[in-house]
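Here's the structure we're looking at; comments come further down.
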Ligand code: ADP
Ligand code: MG
């Protein structure tokens, strides 16, 4: 069964010392699905994403990506690309160098690197920015480059941690449309963390509403909105019943 799912999270728990942050989570993300993890600050969204990325060691359970048990794999071997809230671009490098850096480290041939950068630049409309430095870019442009860095790695699964939180409302809605377009075009699996209900409702195939390290409801946006399972989900996202 596991092979059918792009990301499988089985009985995952994570404790920081004696504090239980994630409690016995089970999630199956289908191939090509856009799953949003939605919940208030501190509910464990970033922690869960970091577990999937391999940046945190889990206390219990297993994680499968494309059917392969990656629970003990290094982040770089998991076939994932991550985009954070802060852009984390190298300030001294041009956009092009920022995009190619990881590929050069991995030893990819130059023509292949150029091909991937050209494709990413085209999709994200950052071609004219390739020779600029991050300081010469707007916030929206920087976040496009950050997405581009995950894109050129040709990964199976994209993980986004509140990538639009630092942007103003107008840019947020523009980039929301772009991320949606990107997903349609690439048709790969995306797991997207946000505390923003609008973002969740517009982007998601399914939404996992989280509170206190537990999933309160995992459903498609319409069901979550119209049939919230409990008071918490209703007050956080659902229509007033
Ligand atoms: P979210 O991303 O939903 O805002 P987080 O995943 O960042 O929430 O945090 C979930 C909980 O875990 C919070 O209560 C936070 O204080 C706690 N936490 C996060 N990182 C650590 C850490 N390194 N050590 C101890 N507690 C942590
Ligand atoms: Mg967070």
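The values are calculated or read from the model by the stated rules, or taken from the named source; none is laboratory data. Just so it is clear, the structure is predicted and the values come from calculations on it, not from any experiment. Note that we place each Cβ from the backbone using ideal geometry, even for glycine, and neighbour counts take in every protein chain shown.
Observations on the model:
- Residues of region 1-24 that are more than 12 Å from ligand 1 (Cβ to nearest atom) and at pLDDT 95 or above: 7, 8, 9, 10, 11, 12, 13, 24.
- Taken over region 169-203, the criterion of being within 16 Å of ligand 2 (Cβ to nearest atom) and within 15 Å of the chain's Cα centre (by Cα) is satisfied by 191, 192, 193, 194, 195, 196, 199, 200.
- Search result, residues across region 121-159 that are modelled with pLDDT under 90, over 15 Å from the mean Cα position of the chain (by Cα) and surrounded by 13 or more Cβ atoms within 10 Å (Cβ to Cβ): 123, 124, 139, 140
- Residue 95 vs. criteria farther than 30 Å from residue 138 by Cβ, away from ligand 2 (no atom under 16 Å from the Cβ) and either modelled with pLDDT under 95 or surrounded by 21 or more Cβ atoms within 10 Å (Cβ to Cβ) (or both): no
- Just one residue in the set 153, 206, 176 is farther than 25 Å from residue 54 by Cβ and in contact (Cβ under 8 Å) with a residue 12 or more places away in the chain; that residue is 176.
- Filtered residue count, region 147-166, keeping only those that are over 23 Å from residue 209 (Cβ atoms) and within 16 Å of ligand 2 (Cβ to nearest atom): 1
- Output for region 1-24, where each listed residue is within 14 Å of residue 63 (Cβ to Cβ) and within 16 Å of ligand 2 (Cβ to nearest atom): 14, 22
- Residue 42 vs. criteria under 18 Å from residue 194 (Cα atoms), within 16 Å of ligand 1 (Cβ to nearest atom) and out of contact with any strand residue (DSSP E or B) (no Cβ under 8 Å at 6 or more places or on another chain): yes
- Residue ID - surrounded by the fewest Cβ atoms within 10 Å (Cβ to Cβ), chosen from residues in region 25-46 that are touching a residue at least 40 places away in the same chain (Cβ under 8 Å) and near ligand 2 (Cβ under 9 Å from one of its atoms): 41
- Qualifying residue in region 72-83 (condition: at pLDDT 95 or above, buried (at least 18 other Cβ atoms within 10 Å of the Cβ) and over 25 Å from residue 185 (Cβ atoms)): no
- Candidates are the residues of region 78-104 that are farther than 22 Å from residue 119 by Cβ and more than 17 Å from the chain's Cα centre (by Cα); the one that is nearest to ligand 1 (Cβ to nearest atom) is 91.
- Of all residues making up region 12-68, the number that are outside any strand (DSSP E or B) and touching a helix residue (DSSP H, G or I) at 6+ places or on another chain (Cβ under 9 Å): 12
- Filter result for residue 116 (without any contact (Cβ under 8 Å) to a residue 40 or more places away in the chain and buried (at least 18 other Cβ atoms within 10 Å of the Cβ)): yes
- Of all residues in region 178-206, those being in a strand (DSSP E or B) and either within 14 Å of ligand 1 (Cβ to nearest atom) or out of contact with any helix residue (DSSP H, G or I) (no Cβ under 7 Å at 6 or more places or on another chain) (or both) number 6.
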